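One structure is given here, and the rest of the page talks about it.
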Amino acid sequence: MLINAKGIDHKKLNDMLRGAGNDFIIEECLGQRFIAAGMSDKHIEINGIPGNALGAFLNGADIKVNGNAQDSVGDTMNSGSITICGNVGDAVGYAMRGGSIYVRGNAGYRAGIHMKEYRDRFPVIVIGGKAGSFLGEYQAGGIIIVLGLGVKDDNIVGNFPCTGMHGGKVFIRAAAGKIKFPRQVLSSPSGSEDMSIIEKYVSRFCEKFGYSPSAVMAHPFTTVYPDSANPYRQMYVSN
Amino acid sequence: MKINFILPEFEVIRDRDSCVSCRICERECSNGVHSFNEKKKIMTADQAKCVDCQRCVALCPTSALKIVKADCSFPSNGNWSEASIKEIYKQAETGGILLSSMGSPSCLPVYWDKILINASQVTNPSIDPLREPMETRVFLGKKPDKLKRDSDGKLKCELSPQLSLSMPVMFSAMSFGSISYNAHKALASASCELGIMYNTGEGGLHKDFYEYGKNTIVQVASGRFGVHEAYLEAGAAIEIKIGQGAKPGIGGHLPAKKISSEVSQTRMIPEGTEAISPAPHHDIYSIEDLRQLVFALKEATNYNKPVIVKVAAVHNIGAIASGIARSGADIIAIDGFRGGTGAAPTRIRDNVGIPVELALAAVDQRLRDEGIRHKVSIIAGGSIRNSSDVIKALALGADACYIGTAALIALGCHLCGNCQSGKCNWGIATQQPELVERLEPEWGKKRLVNLMNAWKNEIMEMMGGMGINSIEALIGNRQMLRGVGMTSKELEILGIAHAGE
């Protein structure tokens with residue numbers, strides 16, 4: 001079903017999406033927020049630029065954006081997939097518990113903050129370009145991959161990556177040792193086990209966006225993970 | 001030889017003539033205070049372990065036990081209280097941050113106790129609630145700007161979603177994790193019978209409790225634990241937790257050892273992992289950002305449920321509430337500094353935040369001044385202890401109250417303040433199965449229903465005395481209140497006259 005979103009507000013747009021049919025193409029999208037919030041069983045392709053909180057609380061729907069997206073994409077997403085063919089704003093995948101988000105370009109601040117996993121739910125974010133500061137803050141589960149494609153140096157993540165991380169993994173397509181992490185997380189060159197995980201998601205990324213998997217993989221990766229021997233810990237005494 | 005700086009706080013007094021060594025006290029004490037001396041054939045006590053929860057006293061079949069405050073004390077000093085000295089010993093020993101639970105016990109003013117309620121004499125006759133109609137139902141949510149009629153002159157009746165309560169009291173947010181399954185079940189089933197609401201707190205909703213959904217407020221906090229589509233749909237309203245009265249400005253941390261199998265399923269995180277709630281919502285740095293989360297939740301639930309924003313009572317609460325009212329939220333919950341907690345740093349619990357009485361009056365006045373009071377309902381919480389506190393809160397401007405500690409006391413809590421230990425002998429603040437089963441949900445439900453019915457009757461009597469026959473006519477009716485022993489500034493903020501005026 002084709003929806004022309006010109007002049008339509010988010011409430012009306014979501015009402016149309018909640019209506020009959022599962023396959024939608026939205027044309028002339030211009031900043032409508034909350035598109036597909038909480039939805040399942042829908043396939044939505046968006047031409048234009050959706051507003052903040054695209055796919056918030058998403059519960060199984062598939063969304064593809066042929067353009068950029070703004071802040072809070074996939075907030076508390078439970079399952080489904082979101083594909084962004086351009087850049088994405090801040091706090092992409094806040095507290096997401098499952099499903100996947102693929103971004104062809106760059107991501108803003110706080111990508112993947114407080115991501116967590118649970119049983120068969122395993123959230124994945126793949127960012128094709130650079131990620132802003134506070135990548136993977138408070139991360140509790142799932143994986144984030146930052147590829148930095150087209151970036152000449154290894155500075156593909158911003159400041160203070162993985163602050164507060166206490167679970168999950170971040171994979172950065174850059175040489176180890178050049179990025180500063182907090183004391184409570186460790187980083188090392190990705191081993192073969194990690195590389196096979198990375199390869200699985202990189203090949204999906206390449207399939208979506210037309211890159212060569214072998215070219216993308218022909219580069220050192222760094223794995224970042226919490227130091228279980230040195231967790232964030234506050235010393236308390238019962239009073 | 002180890003020096004013991006911390007003297008036992010309580011003394012276990014056992015009447016040897018009455019004690020029959022049945023060992024019930026030993027079985028009932030999860031702190032291991034009581035034991036049987038096989039050689040001497042008598043019960044003995046390790047007093048240092050006692051927290052004064054009174055469980056053994058309540059269950060001793062021969063009334064042989066009493067727990068009293070130990071009279072072994074430090075030199076008396078008007079400046080250095082015994083508590084201050086003990087806290088220094090504890091920190092000098094461990095280097096730790098002091099951790100407490102339940103609400104602040106500090107001797108700061110309780111304004112409820114300085115406010116008195118009016119009654120009708122001669123003019124404006126009082127009403128007898130036993131024989132005349134008295135409305136205690138309230139509706140929480142946005143009210144329209146003005147009455148609207150269609151072209152035929154008929155009233156347009158569409159309203160924003162409202163929470164309908166049979167009386168203006170609800171059970172406040174206490175997560176499954178901080179309190180037990182049986183405590184949650186008692187709160188949920190009592191709410192259902194009473195026609196009021198209970199609140200999941202930030203711990204998700206146990207699968208067994210979805211059936212109580214129409215009497216459930218589901219909470220969304222910074223950690224988003226257990227938040228998913230079915231959870232949001234399950235509740236009658238959604239509460240965004242920004243802050244908590246007992247610990248404004250700090251996050252939460254349920255340690256891995258408390259993430260049992262059941263708690264892990266409800267929070268939707270793996271068993272034995274840390275559950276960290278960051279101090280702020282990292283996607284909310286402004287009122288505009290708050291509006292975004294409010295509407296994301298409304299969109300996800302198709303505008304069927306009111307959205308509550310809960311904040312701790314802090315400085316400038318009037319301006320904060322104004323922002324919340326403009327964010328699109330339907331209800332504001334204000335939690336005063338005496339509000340309870342399962343665990344909070346002592347210094348924060350006892351020094352951060354302001355009394356709910358002042359915050360509530362300031363918020364109500366601010367929203368009235370700005371002409372937006374009807375756009376939100378107000379819930380006041382943070383140590384509402386009885387039905388007259390409720391009346392006073394309503395007259396200061398609240399549409400309803402949250403009670404947490406009072407509900408737990410009804411379930412057997414004795415305010416020993418050791419929730420953080422997870423060894424609650426009353427089966428409330430614990431996940432240990434053998435302790436949880438001590439709180440029988442049906443028994444607990446009955447006690448909560450009794451408490452609320454008693455309060456409801458008292459509220460009706462007090463309203464009747466004032467000549468008021470509906471809660472709606474009491475809300476914000478500050479003429480019904482007078483202050484005693486307060487400064488003119490305090491009276492000004494509360495918006496009430498002094499007694500005698």
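Among the residues of the range B:249-285, those identified as buried (at least 23 other Cβ atoms within 10 Å of the Cβ) and more than 10 Å from every other protein chain (Cβ to nearest Cβ) are B:Gly252, B:Leu254, B:Val263, B:Thr266.
Any chance the range A:157-171 includes a residue that's within 30 Å of B:Gln420 (Cβ to Cβ) and of a type in the set (Ser, Thr, Tyr)? Yes - at least one qualifying residue is present in the range A:157-171. The single condition among (1) at pLDDT 95 or above; (2) within 12 Å of chain A (Cβ to nearest Cβ) that B:Ser222 does not meet is (1). Assessment of the range A:170-190 against the conditions (in a loop (DSSP other than H, G, I, E, B), on the phi > 0 side of the Ramachandran plot and crowded, with 20+ Cβ neighbours inside 10 Å) yields no matching residue. The condition (being among the hydroxyl-bearing types (Ser, Thr, Tyr), over 30 Å from A:Ser238 (Cα atoms) and under 15 Å from the mean Cα position of the chain (by Cα)) is satisfied by just one residue among B:Ser387, B:Ser377, B:Ser470, B:Ser383: B:Ser387. From the list A:Gly7, A:Gly48, A:Gly38, which residue is crowded, with 16+ Cβ neighbours inside 10 Å and either touching a helix residue (DSSP H, G or I) at 6+ places or on another chain (Cβ under 9 Å) or in a loop (DSSP other than H, G, I, E, B) (or both)? Checking each option against the conditions leaves just A:Gly38. The single condition among (1) within 14 Å of chain B (Cβ to nearest Cβ); (2) surrounded by fewer than 24 Cβ atoms within 10 Å (Cβ to Cβ); (3) in contact (Cβ under 8 Å) with a residue 40 or more places away in the chain that A:Arg18 does not meet is (3). Taking residues in the range A:195-220 that are touching a residue at least 40 places away in the same chain (Cβ under 8 Å), and partners anywhere that are surrounded by 13 or more Cβ atoms within 10 Å (Cβ to Cβ) and basic (Lys, Arg), the pairs with Cβ atoms closer than 7 Å and at least 6 places apart or on different chains are A:Phe209/A:Arg104; A:His219/A:Arg173. Taking (1) over 31 Å from the mean Cα position of the chain (by Cα); (2) more than 29 Å from B:Gly339 (Cα to Cα) in turn, B:Val12 satisfies each apart from (1).
Quick check on this structure: which one of B:Ser101, B:Ser81, B:Ser76 is polar (S, T, N, Q) and touching a residue at least 12 places away in the same chain (Cβ under 8 Å)?
Residue meeting the stated conditions: B:Ser101.
Mind checking which residues of the range A:219-239 are more than 13 Å from chain B (Cβ to nearest Cβ) and part of a strand (DSSP E or B)? Of everything in the range A:219-239, those that are more than 13 Å from chain B (Cβ to nearest Cβ) and part of a strand (DSSP E or B) turn out to be A:Thr222, A:Thr223, A:Val224, A:Tyr225. Only residues that are assigned to a loop (DSSP other than H, G, I, E, B), surrounded by fewer than 24 Cβ atoms within 10 Å (Cβ to Cβ) and at pLDDT 95 or above were counted across the range A:138-155, and they come to 2.
The conditions are (1) of a type in the set (Lys, Arg); (2) surrounded by fewer than 24 Cβ atoms within 10 Å (Cβ to Cβ); (3) at negative phi; (4) within 11 Å of chain B (Cβ to nearest Cβ), and A:Lys116 fails exactly one of them. Which is it? The one condition A:Lys116 does not meet is (2). The number of residues in the range B:71-91 being within 30 Å of B:Ser21 (Cβ to Cβ) and under 30 Å from the mean Cα position of the chain (by Cα) comes to 0.
For the range A:93-111, a residue qualifies if it is part of a loop (DSSP other than H, G, I, E, B) and under 19 Å from A:Arg204 (Cα atoms), and the qualifying residues are A:Gly93, A:Gly98, A:Gly99, A:Arg104, A:Gly105, A:Asn106. Being touching a Gly at 6+ places or on another chain (Cβ under 6 Å) and either of a type in the set (Val, Ile, Thr) or within 8 Å of chain A (Cβ to nearest Cβ) (or both): is that true of B:Val307 here? Taking the combined requirement at face value, the residue does not satisfy it. Among the residues of the range A:70-88, write down those that are away from every other protein chain (no Cβ under 14 Å) and without any contact (Cβ under 8 Å) to a residue 60 or more places away in the chain. Across the range A:70-88, the qualifying residues are A:Ser81, A:Ile82, A:Ile84, A:Gly86, A:Asn87. Of the residues making up the range B:279-293, those that are touching a residue at least 40 places away in the same chain (Cβ under 8 Å) and outside any loop (DSSP other than H, G, I, E, B) are B:Ile287, B:Leu290, B:Leu293.
The values are calculated or read from the model by the stated rules, or taken from the named source; none is laboratory data. Computed from a predicted structure; not experimentally measured. Please note: Cβ atoms are built from the backbone with ideal geometry, for glycine as well, and neighbour counts cover all protein chains shown.
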